[in-house]
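A.B. asks: Sharing a structure below in structure tokens format, with a few things to ask.
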Amino acid sequence: MAEAKAQEVWFLTGSQHLYGSETLKQVAKNAQEIAEHLDGCGRLPVRVVWKPTLTGPAGIEEVCLAANAAPACVGVITWMHTFSPAKMWIAGLTRLQKPMAHLHTQYNRELPWSSIDMDFMNLNQSAHGDREFGYIVARLKKARRVVVGHWKDEDVQGELGGWARAASAWAESSHLKIARFGGMNMREVAVTGGDRVEAQIQLGWSTNGYAMGELVRRIAEVPEAEVKRTLDAYDAEYTLAPSVRKGGDRRENLEDAARQEIAMRGFLKDGGFGAFTTTFEDLHGMKQLMGLASQRLMAEGYGFGAEGDWKTAALVRLVKVMSAGRPGGASFMEDYTYHLERGRERVLGAHMLEVCPSIAAGKPSLEVHRLGIGGKADPARLVFDAATGPALNASLVDLGGRMRLILAELDVVAPEAPMPKLPTARAVWIPRPDFKRGCAAWILAGGAHHAAFTQSVTADELSDLAEMAGLECVRIDAETRLSDLKDRLRWNDVAFRRA
């Protein structure tokens with residue numbers, strides 16, 4: 001995620017030769033100024049690279065093919081400074097494979113009322129040049145984000161920045177590798193399964209299972225010096241429970257967790273993986289379930305899914321990519337249990353062990369507790385409450401023949417009271433529009449019990465990613481009405497089956 005600024009979006013400006021060389025020089029100058037301003041405004045996580053003005057079919061096709069072939073280019077921003085006849089865009093747009101944002105702006109902010117003449121009108125024709133371009137994009141059924149407003153406005157820059165984050169995640173998706181430690185689905189759980197081959201065709205994810213023996217061997221070979229360095233990091237970063245401090249009766253459990261973390265990181269790094277899953281049903285040769293290791297690897301940017309849930313692991317990774325450089329965090333999450341006091345209903349989200357400390361409200365506590373599942377030694381884990389504020393749960397489910405991305409807006413609140421006997425990281429939230437309708441909408445849409453939870457990526461940004469990927473996207477927010485949602489799900493089913 002640290003390499004975001006090495007990525008770039010290309011700024012493509014449309015015009016034509018009708019207006020003469022002087023007008024085209026001015027078009028180029030203005031477009032370059034806009035691109036440089038967007039590049040330096042600090043609201044886009046990638047570089048904005050100006051490209052020469054496009055005035056004919058050959059040049060447009062050439063730049064679109066070049067964008068496809070450029071590894072650093074994650075998308076293009078298009079803008080029609082003057083009128084740019086749309087037929088000349090057909091060849092290029094039909095071949096363009098990178099995401100596109102259509103910036104509907106104008107170089108000047110205000111009309112020069114007292115001096116406006118036809119020279120000004122011929123130069124500044126975005127109002128109808130972008131409509132001509134918009135028509136051909138609609139006819140070609142190309143996915144794109146339309147951003148409207150002056151290029152110096154913060155909201156315009158913010159929208160472009162959010163789209164660019166989605167484009168970066170889509171670039172990551174194209175080569176994402178997911179390791180399933182144990183490589184198995186949990187018992188007869190339905191939602192964590194799915195068509196991995198179809199996901200690779202559509203989304204680029206390569207998902208494969210790996211026997212526990214390789215990981216067990218790596219754990220046994222971890223040098224003691226690395227274990228000591230990792231334990232020192234634990235001592236510095238967390239509040240350690242007395243039992244896991246030096247000399248404590250659970251210190252050995254923490255040392256085993258450190259070996260797991262080191263071995264897993266090495267496996268993932270050597271294999272070029274961006275996400276991984278674990279399962280408590282396949283722990284052959286392991287001393288404990290990989291709780292602390294999963295939490296810390298997530299905090300470094302890896303995606304994670306428990307119980308073999310590769311779809312959520314991939315989604316967590318993509319959300320991590322999108323949130324680079326922003327406050328807040330992202331984590332694997334599970335809707336676990338409810339507080340049903342009338343008028344104060346709450347969801348308690350958690351998992352047995354694996355919640356990312358990037359969402360913690362304060363300094364996590366590092367503890368070892370009994371785990372009644374898996375039949376292994378008591379595992380180490382970080383315990384904390386999530387920070388309060390707006391958040392989002394995202395779930396990707398396989399409906400057979402297509403996938404659906406479900407986005408639910410929520411408000412994380414403080415727990416009603418301390419939970420000293422609950423040895424897990426957790427978040428308490430109220431679904432939007434309210435508990436009853438939010439939960440009903442999630443269930444109607446087929447949302448899983450696992451989700452990618454984030455406080456740093458918006459529903460609009462994940463909707464952009466869904467459009468780039470050709471995924472159905474269902475949003476649950478403050479405006480959701482169940483009757484409308486039911487209709488939308490029926491219409492979507494027909495539309496996506498026809499497509």
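The values are calculated or read from the model by the stated rules, or taken from the named source; none is laboratory data. All values reported here derive from a predicted model rather than from experimental measurement. Heads up, the Cβs are rebuilt from the backbone with ideal geometry, glycines too, and the neighbour counts pull from every protein chain shown.
A.B. asks: In the range 359-396, what count of residues is obtained for those that are more than 23 Å from T279 (Cβ to Cβ), crowded, with 18+ Cβ neighbours inside 10 Å and not aliphatic (A, V, I, L, M)?
C.D. replies: 3
A.B. asks: Next question. Restricting to the range 238-267, and then to whatever is free of Cβ contacts under 8 Å to residues at least 60 places away in the same chain, under 18 Å from L382 (Cβ atoms) and within 30 Å of the chain's Cα centre (by Cα), can you tell me which residue is surrounded by the fewest Cβ atoms within 10 Å (Cβ to Cβ)?
C.D. replies: Among residues in the range 238-267 that are free of Cβ contacts under 8 Å to residues at least 60 places away in the same chain, under 18 Å from L382 (Cβ atoms) and within 30 Å of the chain's Cα centre (by Cα), the one surrounded by the fewest Cβ atoms within 10 Å (Cβ to Cβ) is R265.
A.B. asks: Mind checking which residues of the range 1-23 are at pLDDT 95 or above and among the hydrophobic types (A, V, I, L, M, F, W, C)?
C.D. replies: Matches in the range 1-23: V9, W10, F11, L12.
A.B. asks: Now for a separate question. Inspect the range 468-484 for any residue being out of contact with any His (no Cβ under 8 Å at 6 or more places or on another chain), in a helix (DSSP H, G or I), touching a residue at least 24 places away in the same chain (Cβ under 8 Å) and within 30 Å of V156 (Cβ to Cβ) and give the result as yes or no.
C.D. replies: Residues of the range 468-484 that are out of contact with any His (no Cβ under 8 Å at 6 or more places or on another chain), as a first pass: 468-484.
Add one more test, that the residue is in a helix (DSSP H, G or I), and what stays is 468-469, 482-484.
From what's left, touching a residue at least 24 places away in the same chain (Cβ under 8 Å): 468-469, 482.
Next, only the ones that are within 30 Å of V156 (Cβ to Cβ) stay: 468-469.
For the range 468-484, residues out of contact with any His (no Cβ under 8 Å at 6 or more places or on another chain), in a helix (DSSP H, G or I), touching a residue at least 24 places away in the same chain (Cβ under 8 Å) and within 30 Å of V156 (Cβ to Cβ): present.
A.B. asks: Turning to a different aspect of this structure: Restricting to the range 411-437, name every residue that is outside any loop (DSSP other than H, G, I, E, B) and either buried (at least 24 other Cβ atoms within 10 Å of the Cβ) or free of Cβ contacts under 8 Å to residues at least 40 places away in the same chain (or both).
C.D. replies: So the first thing to find is which residues in the range 411-437 are outside any loop (DSSP other than H, G, I, E, B), and the list is 411-413, 426-431, 435-437.
Of everything in the range 411-437, those that are outside any loop (DSSP other than H, G, I, E, B) and either buried (at least 24 other Cβ atoms within 10 Å of the Cβ) or free of Cβ contacts under 8 Å to residues at least 40 places away in the same chain (or both) turn out to be D411, A427, W429, P431.
A.B. asks: Give the residue that is farthest from G325 (Cα to Cα), with candidates limited to residues of the range 150-182 that are assigned to a loop (DSSP other than H, G, I, E, B) and in contact (Cβ under 8 Å) with a residue 40 or more places away in the chain.
C.D. replies: The initial filter retains those residues of the range 150-182 that are assigned to a loop (DSSP other than H, G, I, E, B), namely 150-153, 174-176, 182.
With the extra rule that they be in contact (Cβ under 8 Å) with a residue 40 or more places away in the chain, the set shrinks to 150-152, 176, 182.
On the way: H150: 25, W151: 22, K152: 22, L176: 20, G182: 33 Å.
The qualifying residue farthest from G325 (Cα to Cα) is G182.
A.B. asks: Quick check: anything in the range 130-139 buried (at least 16 other Cβ atoms within 10 Å of the Cβ), out of contact with any helix residue (DSSP H, G or I) (no Cβ under 9 Å at 6 or more places or on another chain) and either among the hydroxyl-bearing types (S, T, Y) or at pLDDT 95 or above (or both)?
C.D. replies: Taking the range 130-139 as the starting set, the residues that turn out to be buried (at least 16 other Cβ atoms within 10 Å of the Cβ) are 130, 132-134, 136-137.
Add one more test, that the residue is out of contact with any helix residue (DSSP H, G or I) (no Cβ under 9 Å at 6 or more places or on another chain), and what stays is 130.
Adding the requirement that they be either among the hydroxyl-bearing types (S, T, Y) or at pLDDT 95 or above (or both) leaves 130.
Yes, the range 130-139 contains at least one residue that is buried (at least 16 other Cβ atoms within 10 Å of the Cβ), out of contact with any helix residue (DSSP H, G or I) (no Cβ under 9 Å at 6 or more places or on another chain) and either among the hydroxyl-bearing types (S, T, Y) or at pLDDT 95 or above (or both).
A quick yes/no check of all residues on (1) within 29 Å of K436 (Cβ to Cβ); (2) within 14 Å of the chain's Cα centre (by Cα); (3) not assigned by TED's automatic domain parsing to the domain that holds P431:
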| site | (1), (2), (3) |
| --- | --- |
| A313 | no, yes, no |
| R317 | no, yes, no |
| V321 | no, yes, no |
| A324 | no, yes, no |
| G328 | yes, yes, no |
| S331 | yes, yes, no |
| Y338 | yes, no, no |
| A350 | yes, no, no |
| V355 | yes, no, no |
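A.B. asks: Of the residues in the range 342-364, how many are on the phi < 0 side of the Ramachandran plot and free of Cβ contacts under 8 Å to residues at least 60 places away in the same chain?
C.D. replies: 3
A.B. asks: Surrounded by 22 or more Cβ atoms within 10 Å (Cβ to Cβ) and free of Cβ contacts under 8 Å to residues at least 60 places away in the same chain: which single residue out of A451, A440, A445 fits that description? Even if it seems obvious, please write down each step before you answer.
C.D. replies: Numbers: A451 fails: free of Cβ contacts under 8 Å to residues at least 60 places away in the same chain; A440 fails: surrounded by 22 or more Cβ atoms within 10 Å (Cβ to Cβ).
Checking each option against the conditions leaves just A445.
A.B. asks: Return the residues of the range 268-305 that are within 15 Å of Y210 (Cβ to Cβ), surrounded by fewer than 21 Cβ atoms within 10 Å (Cβ to Cβ) and among the aliphatic types (A, V, I, L, M); say none if nothing qualifies.
C.D. replies: Result: L268, L283.
A.B. asks: Taking the conditions exactly as written (touching a strand residue (DSSP E or B) at 6+ places or on another chain (Cβ under 8 Å) and at pLDDT below 95), does V148 satisfy them or not? Let's see the steps before the verdict.
C.D. replies: Working: touching a strand residue (DSSP E or B) at 6+ places or on another chain (Cβ under 8 Å): yes; at pLDDT below 95: no.
No: the conditions fail for V148.
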